[in-house]
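What follows draws every value from the coordinates through simple rules; no lab data is involved. Bear in mind the structure is a predicted one, so any value in this text is a computation, not a measurement. Virtual Cβ from ideal backbone geometry, glycine too; neighbours counted across all protein chains shown.
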Amino acid sequence: MGTKTITMYVSDIDNSAIEEGQAYQVSIRHPDGSTQQLDISERNYRDLKLEGLGKTLKKRGRKPGSSSRTAVASRRRGGSRANSKAESA
């Protein structure tokens, strides 16, 4: 017998159900360094007037696993260019 998992988002502010793909997540960093993450609905987002406040964080870094593939490929090609220049000099 199989199982089915249903993910349902509920607003942390007013406990109302949030449709799939419509949940906003708000992160709050406390002075002690801990972080609190809230799931809120679009209505809560508008009511709190959060649009335009704070700063939008950009995604940074490489996708997981991309750096290990690059390292393996460079080893197969005979190392890095810096090593090649040092050997020829």
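What FRET efficiency do you get for Arg43 and Thr5 if R0 is 35 Å and r is their Cβ-Cβ distance, rounded to the nearest 0.05?
0.85
Counting only residues 5 or more places away or on other chains, whose amide H sits under 5 Å from the amide H of Tyr9 once H atoms are built in the peptide plane?
Ile18
Could you tally the net charge around Gln36, taking each other residue with its Cβ under 13 Å from the Cβ of Gln36, Lys/Arg +1 and Asp/Glu -1?
Result for the neighbourhood of Gln36: -2.
Would you mind computing the Rg to Rh ratio of the range 14-67 from its alpha-carbon coordinates, Kirkwood style for Rh?
Rounded to two decimals, Rg over Rh is 1.06.
Which ³J(HN,Hα) values, rounded to whole Hz and listed in residue order, are derived for the range 48-58 from phi using the Karplus coefficients 6.51, -1.76 and 1.60 in 6.51 cos²θ - 1.76 cosθ + 1.60 with θ = phi - 60°, glycine and proline given as x?
Here the 3J(HN,Hα) series is 7, 6, 8, 4, x, 8, x, 10, 8, 8, 8 Hz.
I need the phi-derived Karplus couplings for the range 12-22: 6.51 cos²θ - 1.76 cosθ + 1.60, θ = phi - 60°, integer Hz, Gly and Pro marked x.
Karplus values, whole Hz, x for Gly and Pro: 6, 8, 10, 6, 8, 6, 10, 5, 4, x, 10.
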